[in-house]
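Student: The structure that follows is given in the form of structure tokens.
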Amino acid sequence: MIKLFFEGDLFFEQLKEDIRNAKDYIFIEFYIFQLEHIGKELLQLLIKKNRNDKVTVKILVDGIGSRDYVEDLFKLTKDTSIEVGVYKPFRFKFLFRSGYHRRNHRKLILIDDRILYTGGMNIKDVMSKRIMGEHRWRDTMVRIENGYHVEIRRIFFQCKLDYIGLWRITKRGFYFLPKLIPILNALKKNQRFIIFSSLNKKRRRLFRKFYYDFIDHSHNFLYIATPYFVPPIKLIRLLKQKAAQGVDVRILTAGNTDVWLARQAGRAVYSTLLKSGVKIYEFHNRVFHAKQTINENGLIIGSSNIDYRSFLHNLEIDIYLSTEEVLKNILFQWQKDIEESEQIHYKEWKRRGILEKITEKIAYGLRYYL
């Protein structure tokens, strides 16, 4: 069973229920595990489950993304058997060390070889309408419940191996050289489910190849949603090519953003895309943080942004889904997102101020590390 969550509260409530029903283990991996309202609620539930039911709990966070909460995570779990791991802990002396800028940007939850979550949400209060009201962020998560489907079981097998391998290496030091698990070409072999764990250079290259193939197989429409749209040159060319072929190519990105430089860098390529027929929309009412690419063949959803950091540097996790129900649900949400957005038109875009153009060029020059 596959379920999409477009509201943080719905995701958090389902996750709490799954934690309560866990029997064996709960593995959690997030770039940001914020210990405010939502994070504390989840952590207390994990502690209770670990103490009362002896469920194995492992929490893996990134040393930069969760740097303000790492100390409290260790402190609150010290009297339990919960293990907390930190990927590349934050240290000033390591800031300029080679590879230190490569972060663990993944969002993954595994429960009892039965339930898997991934997507774009972190454990943060900004995802909750209950706490933030109309100012909560817009994001997407997916929940997959294991059954007897061979492809889904393969996804669980790979995710669990990757998590355990990453956990063990993280506990010993900085670097992780995972065993590469063969990845099937979902488009050519008609697979409906496939996971991409971009844990090293070779796997990132495989994901990029699959992503470009996915776009190249778009014949009717191609809808890309990403909070940070700073596409590589190859992707820009491919998007222009698909638009020239008559494909309905649309980009939805953040107008109201938490990373201003990334937005400015992305805006530097608007003109060339708009002139080629690509439609661009900006989500302004609240922060847009969802990461999903859709065409008539299926959906790619996960932690990867359409930028150099995700494509070249970070550890990411993404999943390809190709079922009629999933496609129907994501397209319904896409239309709702478009209705909350403003379309960018080329004639109006050309009239933006000189200061905007200058900051766009400067930001674009920094695109490899945004």
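Student: Here is a list: N256, N220. Which entry is out of contact with any helix residue (DSSP H, G or I) (no Cβ under 8 Å at 6 or more places or on another chain) and within 19 Å of Q343 (Cα to Cα)?
Tutor: Values: N220 fails: within 19 Å of Q343 (Cα to Cα).
None of the other options fit; the residue is N256.
Student: A follow-up question, please. Can you say whether E360 is more than 28 Å from R136 (Cβ to Cβ), surrounded by 20 or more Cβ atoms within 10 Å (Cβ to Cβ) and modelled with pLDDT under 95, as far as the supplied structure shows?
Tutor: Numbers: more than 28 Å from R136 (Cβ to Cβ): yes; surrounded by 20 or more Cβ atoms within 10 Å (Cβ to Cβ): yes; modelled with pLDDT under 95: yes.
Against the criterion (more than 28 Å from R136 (Cβ to Cβ), surrounded by 20 or more Cβ atoms within 10 Å (Cβ to Cβ) and modelled with pLDDT under 95), E360 qualifies.
Student: On the basis of being of a type outside the set (F, W, Y) and free of Cβ contacts under 8 Å to residues at least 60 places away in the same chain, does G255 make the cut? Outline the logic, then answer.
Tutor: Details: of a type outside the set (F, W, Y): yes; free of Cβ contacts under 8 Å to residues at least 60 places away in the same chain: no.
So G255 does not fit the description; no.
Student: Continuing with this model, one more query. Can you find a residue that is assigned to a loop (DSSP other than H, G, I, E, B), surrounded by fewer than 15 Cβ atoms within 10 Å (Cβ to Cβ) and either at pLDDT 95 or above or of a type outside the set (K, R) (or both) anywhere in region 196-216?
Tutor: No: zero hits.
Student: Still on this model: Taking S271 as meeting all but one of (1) in a loop (DSSP other than H, G, I, E, B); (2) surrounded by fewer than 19 Cβ atoms within 10 Å (Cβ to Cβ); (3) not basic (K, R), write down the number of the exception.
Tutor: Exception for S271: condition (1).
Student: Out of the residues in region 274-285 meeting the condition of being modelled with pLDDT of 95 or more and not hydrophobic (A, V, I, L, M, F, W, C), tell me which one is surrounded by the fewest Cβ atoms within 10 Å (Cβ to Cβ). Show your work before the answer.
Tutor: Initial filter on region 274-285 (modelled with pLDDT of 95 or more): 274-283.
Then keep just the ones that are not hydrophobic (A, V, I, L, M, F, W, C); that gives 275-277, 279, 281-282.
On the way: K275: 13, S276: 16, G277: 17, K279: 17, Y281: 21, E282: 21.
The residue in question is K275.
Student: Residue check: is A225 crowded, with 20+ Cβ neighbours inside 10 Å, more than 21 Å from the chain's Cα centre (by Cα) and modelled with pLDDT of 95 or more? I'd like the intermediate steps shown before the answer.
Tutor: Numbers: crowded, with 20+ Cβ neighbours inside 10 Å: yes; more than 21 Å from the chain's Cα centre (by Cα): no; modelled with pLDDT of 95 or more: yes.
It is false that A225 is crowded, with 20+ Cβ neighbours inside 10 Å, more than 21 Å from the chain's Cα centre (by Cα) and modelled with pLDDT of 95 or more.
Student: Scan region 25-67 residue by residue and report those that are in contact with a strand residue (DSSP E or B) (Cβ under 7 Å, 6 or more places away or on another chain) and acidic (D, E).
Tutor: E29, D62
Student: Answer yes if at least one residue in region 31-39 is assigned to a loop (DSSP other than H, G, I, E, B), among the aromatic types (F, W, Y), over 24 Å from D112 (Cα atoms) and touching a residue at least 12 places away in the same chain (Cβ under 8 Å), and no otherwise. Spell out how you get there, then give the answer.
Tutor: Let us first name the residues in region 31-39 that are assigned to a loop (DSSP other than H, G, I, E, B), namely 31-32, 34-36.
Right, trim to among the aromatic types (F, W, Y) and you get 31.
Now drop any that are not over 24 Å from D112 (Cα atoms), which leaves none.
No.
Student: Here is a follow-up. State which residue is nearest to I26 (Cα to Cα) when the search covers only region 57-69 and only residues that are among the hydrophobic types (A, V, I, L, M, F, W, C) and either at pLDDT below 95 or under 19 Å from the mean Cα position of the chain (by Cα) (or both). Step through it out loud before you land on a result.
Tutor: Taking region 57-69 as the starting set, the residues that turn out to be among the hydrophobic types (A, V, I, L, M, F, W, C) are 57, 59-61, 64.
Subset that is either at pLDDT below 95 or under 19 Å from the mean Cα position of the chain (by Cα) (or both): 59-61, 64.
Working: I59: 8, L60: 11, V61: 14, I64: 23 Å.
It comes out as I59.
Student: Something else about it: Can you tell me which residue among I144, I152 is closer than 20 Å to E29 by Cα, assigned to a helix (DSSP H, G or I), touching a strand residue (DSSP E or B) at 6+ places or on another chain (Cβ under 6 Å) and of a type in the set (A, V, I, L, M)? I'd like the intermediate steps shown before the answer.
Tutor: On the way: I144 fails: assigned to a helix (DSSP H, G or I).
After applying the criteria, what remains is I152.
For (1) out of contact with any Lys or Arg (no Cβ under 6 Å at 6 or more places or on another chain); (2) among the β-branched types (V, I, T), each residue gets a yes or a no:
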site: I300; (1), (2): yes, yes
site: R309; (1), (2): yes, no
site: H313; (1), (2): no, no
site: I317; (1), (2): no, yes
site: E340; (1), (2): yes, no
site: R351; (1), (2): yes, no
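Student: Now, a different point. Looking only at region 8-28, count how many residues are out of contact with any helix residue (DSSP H, G or I) (no Cβ under 6 Å at 6 or more places or on another chain), closer than 26 Å to N305 by Cα and among the acidic types (D, E).
Tutor: Count: 1.
Student: Could you tell me whether any residue of region 3-12 is buried (at least 20 other Cβ atoms within 10 Å of the Cβ), acidic (D, E), in contact (Cβ under 8 Å) with a residue 40 or more places away in the chain and not assigned by TED's automatic domain parsing to the domain that holds I330?
Tutor: Within region 3-12, none of the residues are buried (at least 20 other Cβ atoms within 10 Å of the Cβ), acidic (D, E), in contact (Cβ under 8 Å) with a residue 40 or more places away in the chain and not assigned by TED's automatic domain parsing to the domain that holds I330.
Student: Additional query: I'd like to verify a number: residues in region 209-252 that are touching a residue at least 40 places away in the same chain (Cβ under 8 Å) and among the β-branched types (V, I, T), how many?
Tutor: 4
Student: Quick one: in region 74-90, of everything that is of a type outside the set (V, I, T), in a loop (DSSP other than H, G, I, E, B) and in contact (Cβ under 8 Å) with a residue 12 or more places away in the chain, which residue is surrounded by the fewest Cβ atoms within 10 Å (Cβ to Cβ)?
Tutor: S81
Student: Now for a separate question. Among the residues of region 47-63, which ones are closer than 21 Å to G120 by Cα and in a loop (DSSP other than H, G, I, E, B)?
Tutor: G63
Student: Just wondering, is there one or more residues in region 64-73 that are assigned to a helix (DSSP H, G or I), touching a residue at least 40 places away in the same chain (Cβ under 8 Å) and assigned by TED's automatic domain parsing to the domain that holds K16? Can you show your working first?
Tutor: Initially, region 64-73 is screened for residues assigned to a helix (DSSP H, G or I), giving 70-73.
Among the residues that remain, those that are also touching a residue at least 40 places away in the same chain (Cβ under 8 Å) are: 73.
Still in the list and also assigned by TED's automatic domain parsing to the domain that holds K16: 73.
So far as region 64-73 goes, yes, one or more of its residues are assigned to a helix (DSSP H, G or I), touching a residue at least 40 places away in the same chain (Cβ under 8 Å) and assigned by TED's automatic domain parsing to the domain that holds K16.
Student: Suppose we keep only residues that are acidic (D, E) and in a helix (DSSP H, G or I) within region 10-26. Which one would you say is farthest from the chain's Cα centre (by Cα)? Show your work before the answer.
Tutor: Start the filter on region 10-26 by keeping residues that are acidic (D, E), which leaves 13, 17-18, 24.
Going one step further and asking which of them are in a helix (DSSP H, G or I), we end up with 13, 17-18.
Values: E13: 20, E17: 23, D18: 21 Å.
Residue satisfying both the conditions and the ranking: E17.
The values are calculated or read from the model by the stated rules, or taken from the named source; none is laboratory data. Everything quoted here is computed from the prediction, not taken from an experiment. Glycine also receives a Cβ, built like all others from the backbone with ideal geometry; neighbour counts cover every protein chain displayed.
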